[in-house]
């Protein structure tokens, strides 16, 4: 049962102009006809799960884990008592849960099948890899097509594999941490992922190793009516440091696509993990992702999360501050254009003394776009001297743009300091007029103003990303005025 | 015998030693200027004597009238006669100056003693006139939204109302223009007298033109390295702190 | 509509508020009331009985304790009206008028001056108003939507309210001093449904003070260590309506006993260029929920929403607010401050909604929690839903302890730690209290807080 896509292969825009990692929304809007050797068919039941597990030749405990998760998924209602009812439009029985050409990724781009290689070349992945990455994992629908790590990094003992391979090759590490940060039943979509997960990265950084260049994963959805469910687990052992970046694109189909990942981070004593996401899914993708890290003593986890694409994103990266003096940070940028709902935020669970967390969120709503911030900051009993600082700023471009802010802060005890501030504003008209007076068009002026609004956050991205982010904002702002 | 005596004082913030064996005796009626470059421990010395909880006294003693005050809480030290004029006075929203000073004056009275409100306000207004502070100030919150000069005048007002035996004046001149400096100095000068000992912490000689000290001490790296009369301040002004450092290096 | 319902207790319990009790209540209503009043009560009872109790998944009840939300144990008859003159601690000099209700029935009043009465001002009861101003009451009594979670309790209130205060100020009439209404509960076993309805017509001005107090010994003791002794129920509401250019200053002091389960549901409706300031002081109750809805319906409308809670013992103060901007150029400003002692809990959940055509909205929402105990719990849910772009909307929430540098500053002036803390706590509240225009009201509220604070506050021993 093979179901290749039958979309036109011509790209919508001049690719050469936008070579970077799918930052330009339109640059990802193409797909190739690919023959899939493995296809779990349409819809989800026990057989789907068994098929995925058998294709991957998994150990029995993994199949049990998946089957239990399926039960949890089916039993859990959609969280529409607080979330948008748009979730009801996810058609779970029309989605294809597993599509691949095989389970073994290639070590060189030359070995990658032509059509898939062409996809990643157009997205600029191999070029980026040569320039500034320590390793790349390129996932095409359900499995990684390419996976490589620079020798110099591998020699330090860093493990960088797709999760399918890691489960086979390093079960002892994998099993110890897998599903511990985000339990299957955390929410309906973490349960779904736990049942049908495939792909994603597994990273282990040994004690004291500081990986100088970022490791990168690229997630590509190529098929229509498809669901991508990668599972990422990053373990930074004591005193180590690692930066991980992920990008993602999909072609724009008329039907909806589902992306539901689970990402677990473990930063052991004194370790630092920085996790950067530039989410640029096509505007038909439901992006329902659970991301959480555990920071042990003196460890630091920083999520830098930028959401530009998708129809509906629901994602609230979190840090459980488990060890003394652990630090957590979420930097979030969301841009919601017509037909988009960016429902993003952050969770900071303080579970040890003297832990500190920072959340900075900026959103821009354009046209009828809707940006929602949801936050949770929790300081439970018996803790001392914890701190949180949260800032949420929303910019509304058009009269019918919408923004919401829903933080939840719970504090017990008299030694903590928590501060939350949020503001909503529109672009300063004086500023726009000033720039127009200097000869800029209104759209150009608006782009500059919006870039200015997020500038302090964009600077936290690696240079290669920040340049593209700015360009993307320019593109999104086109046609937003007048 | 009611002097303020600092004996071989060592003060640390956390693990870090700041004051490293400082001795100084201030007798009533004397004004001691403590000068020194930034970061030598001048403010630490003042705050530690006042009992600030962030400072740990690791060695030495501070005696007031022959009795150690180190076991006392900050408010007990204050009532015993120590007054700290802060370099950066706290802003206390919602607490009016009138209420605040009233509580401070009341705290110095015996159990069951009632404050005579009329006399209190009479005295308060008299001191305010002296310091050229608008009477409307009494209903404003302590230091909230005050200019630098207003904050410092408010410190001197409190000092005037609370009549301490020893005043520790921490960089009282910082952030003041010449007019404000003059008013503050006049205020201090009127309070000078045989009953008051003053430790005047300053970085610049400027203040000492207005409040003439009896003694000048140079503090460096947590210790007093040089003492003299007011001429030492002038010498410092012309030769700079490097001069002291060089002398030290030679020694 | 039928009132004979047999609901399943688990999902929609009616507790002591049975159909029989409701029918007995109806039977006791004077025959002079208009038919719509009875009709509305019947509908309300049916609604009450059909609605479920708050559930864990209700967003409007997030973080609230639900285990003590009982509707049972409040069955004592309210037939006997005692003549009381409770010492409420509220002594506002030269009040324009006073009304005292005991268990919902008028027990005493100081009427308006003849001059004011003849100008059309009313400071009377709802029962009186149902005869004299039936249409006005019909239009404003519990007429606004219940959006904050206590629909069931609002319906219960309407069903069982025996009487309440009705304040009406005609066009261009300005009342200089406050109208003071005291709602007394006789405590153990009683259920009360206090109500104050204020209608301020065009360009009028009025200050209204509600005092809620329990007449029994438990009020003089500290909050109990357990909520299990809950023995009184108060389910009150108020409606404030400010017409074009009108100004209402409303203050409420909630001093229920520490064994009272309390609901207080406010609706404020502000018309063009009108302003309403409301300040709610929460000191009493075991679990006290306050819901406040402000609707800004025409340009120039301004609602200032203020609250102070001093929570001690095992008290839980649960505050839910909604600022709805329905017209352009409207303004709202919310400041809720909580100080928490012992094992107390506070919940602040506020939402600003700006409708899509409410351009030039200026909305502010601030929740400040001062933690005075390591076992106290503060939850804060400040929310925004903004659908217009040309707005100025901000919110802030802080939870912190007494600032150690402020404490040291006060101590360095010779003030003892206990007095210093008290000064700082009152300083914390003062930012709210100093928004009051009425000096004597300001002084009265401070005295109430002081009294309560000194009773509850035991400074930590060093």
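The values are calculated or read from the model by the stated rules, or taken from the named source; none is laboratory data. Source: prediction; values computed, not measured. With ideal geometry, Cβ positions are generated from the backbone for all residues, glycine too; neighbour counts draw on all protein chains shown.
For the range C:117-203, which fully contained strands (runs of 3 or more DSSP E) count at least 1 residues that are touching a helix residue (DSSP H, G or I) at 6+ places or on another chain (Cβ under 8 Å), touching a residue at least 12 places away in the same chain (Cβ under 8 Å) and buried (at least 18 other Cβ atoms within 10 Å of the Cβ)?
Details: elements: C:122-125, C:165-169, C:179-185, C:195-200.
Once the strands (runs of 3 or more DSSP E) in the range C:117-203 are filtered for at least 1 residues that are touching a helix residue (DSSP H, G or I) at 6+ places or on another chain (Cβ under 8 Å), touching a residue at least 12 places away in the same chain (Cβ under 8 Å) and buried (at least 18 other Cβ atoms within 10 Å of the Cβ), what remains is C:122-125, C:165-169, C:195-200.
With A:426, A:362 as the choices, which residue is at pLDDT 95 or above, over 30 Å from residue C:343 (Cβ atoms) and in contact with a strand residue (DSSP E or B) (Cβ under 6 Å, 6 or more places away or on another chain)? Quick ask: steps written out before the conclusion?
Numbers: A:426 fails: at pLDDT 95 or above.
The conditions single out A:362.
Which one of these does residue C:393 not meet: (1) under 30 Å from residue B:69 (Cα atoms); (2) surrounded by 23 or more Cβ atoms within 10 Å (Cβ to Cβ)?
Result: residue C:393 fails condition (1) only.
Count, please, the residues in the range A:124-140 that happen to be touching a strand residue (DSSP E or B) at 6+ places or on another chain (Cβ under 9 Å) and not in a helix (DSSP H, G or I).
Within the range A:124-140, residues that are touching a strand residue (DSSP E or B) at 6+ places or on another chain (Cβ under 9 Å) and not in a helix (DSSP H, G or I) number 8.
Would you point out the residue of the range A:46-81, among those that are surrounded by fewer than 14 Cβ atoms within 10 Å (Cβ to Cβ), touching a residue at least 24 places away in the same chain (Cβ under 8 Å) and away from chain C (no Cβ under 14 Å), that is farthest from residue A:116 (Cα to Cα)?
Once the filter is applied, the top-ranked residue is A:61.
Suppose we filter the range A:251-281 for residues that are surrounded by fewer than 23 Cβ atoms within 10 Å (Cβ to Cβ) and part of a loop (DSSP other than H, G, I, E, B); how many remain?
The number of residues fulfilling the criteria is 8.
So which residues in the range B:70-101 are more than 10 Å from every other protein chain (Cβ to nearest Cβ) and surrounded by fewer than 21 Cβ atoms within 10 Å (Cβ to Cβ), if there are any at all? Working first, answer last.
Filtering the range B:70-101 down to residues more than 10 Å from every other protein chain (Cβ to nearest Cβ) leaves B:70-72, B:87, B:97-98.
If the condition is that a residue be more than 10 Å from every other protein chain (Cβ to nearest Cβ) and surrounded by fewer than 21 Cβ atoms within 10 Å (Cβ to Cβ), then B:70, B:71, B:72, B:87, B:98 are the ones that fit.
Would you confirm, using the coordinates I've provided, whether residue C:322 is closer than 23 Å to residue A:370 by Cα, more than 10 Å from every other protein chain (Cβ to nearest Cβ), out of contact with any helix residue (DSSP H, G or I) (no Cβ under 9 Å at 6 or more places or on another chain) and modelled with pLDDT of 95 or more?
On the way: closer than 23 Å to residue A:370 by Cα: yes; more than 10 Å from every other protein chain (Cβ to nearest Cβ): yes; out of contact with any helix residue (DSSP H, G or I) (no Cβ under 9 Å at 6 or more places or on another chain): yes; modelled with pLDDT of 95 or more: yes.
Yes; evaluated as a whole, the condition is true for this residue.
For the range A:141-240, which helices (runs of 4 or more DSSP H) that fit wholly inside it have 3 or more residues that are surrounded by 24 or more Cβ atoms within 10 Å (Cβ to Cβ)? Let's see the steps before the verdict.
Values: elements: A:151-154, A:163-169, A:171-177, A:188-196.
Ranges flagged: A:188-196.
If you scan the range A:382-415, which residues turn out to be more than 7 Å from every other protein chain (Cβ to nearest Cβ) and farther than 30 Å from residue A:474 by Cβ?
A:382, A:383, A:384, A:385, A:386, A:387, A:388, A:389
Do you know which of the residues in the range C:367-408 that are more than 7 Å from chain A (Cβ to nearest Cβ) and without any contact (Cβ under 8 Å) to a residue 24 or more places away in the chain is farthest from residue A:377 (Cα to Cα)?
Step by step, filter the range C:367-408, then rank; the result is C:408.
Provide a single number: the residues in the range A:83-123 that are modelled with pLDDT under 90 and part of a loop (DSSP other than H, G, I, E, B).
Selection size over the range A:83-123: 9.
Looking at the range B:77-93, which of its residues are over 21 Å from residue B:188 (Cα atoms) and either in contact with a strand residue (DSSP E or B) (Cβ under 6 Å, 6 or more places away or on another chain) or at pLDDT 95 or above (or both)?
B:92, B:93
If I filter the range C:427-444 down to residues being part of a helix (DSSP H, G or I) and surrounded by fewer than 19 Cβ atoms within 10 Å (Cβ to Cβ), which single residue comes out as farthest from the other protein chains (Cβ to nearest Cβ)? Full working, then the answer.
Residues of the range C:427-444 that are part of a helix (DSSP H, G or I), as a first pass: C:427-433, C:439-444.
From the residues that got through so far, the ones that are surrounded by fewer than 19 Cβ atoms within 10 Å (Cβ to Cβ) too are C:431, C:439-440, C:442-443.
Numbers: C:431: 5, C:439: 12, C:440: 17, C:442: 13, C:443: 13 Å.
The qualifying residue farthest from the other protein chains (Cβ to nearest Cβ) is C:440.
Run residue B:51 past the list (1) in contact with a strand residue (DSSP E or B) (Cβ under 7 Å, 6 or more places away or on another chain); (2) within 14 Å of chain C (Cβ to nearest Cβ) and report the number of the one that doesn't hold.
Only one criterion is unmet by residue B:51, namely (1).
Are any of the residues in the range C:339-348 crowded, with 24+ Cβ neighbours inside 10 Å, touching a helix residue (DSSP H, G or I) at 6+ places or on another chain (Cβ under 6 Å) and in contact (Cβ under 8 Å) with a residue 60 or more places away in the chain?
Yes, because at least one residue in the range C:339-348 is crowded, with 24+ Cβ neighbours inside 10 Å, touching a helix residue (DSSP H, G or I) at 6+ places or on another chain (Cβ under 6 Å) and in contact (Cβ under 8 Å) with a residue 60 or more places away in the chain.
Is there a residue being under 24 Å from residue B:63 (Cα atoms) and either in contact (Cβ under 8 Å) with a residue 24 or more places away in the chain or in a loop (DSSP other than H, G, I, E, B) (or both) anywhere in the range B:206-213? Before you say what the answer is, go through the steps one by one.
Of the residues in the range B:206-213, the ones under 24 Å from residue B:63 (Cα atoms) are B:213.
In the following step, the residues that additionally are either in contact (Cβ under 8 Å) with a residue 24 or more places away in the chain or in a loop (DSSP other than H, G, I, E, B) (or both) were identified as B:213.
Within the range B:206-213, one or more residues are under 24 Å from residue B:63 (Cα atoms) and either in contact (Cβ under 8 Å) with a residue 24 or more places away in the chain or in a loop (DSSP other than H, G, I, E, B) (or both).
Does the range A:129-141 include one or more residues that are modelled with pLDDT of 90 or more and touching a helix residue (DSSP H, G or I) at 6+ places or on another chain (Cβ under 7 Å)?
no
Taking the range B:82-108, which residues are over 20 Å from residue C:402 (Cβ atoms) and assigned to a strand (DSSP E or B)?
Hits for the range B:82-108 are B:82, B:83, B:85.
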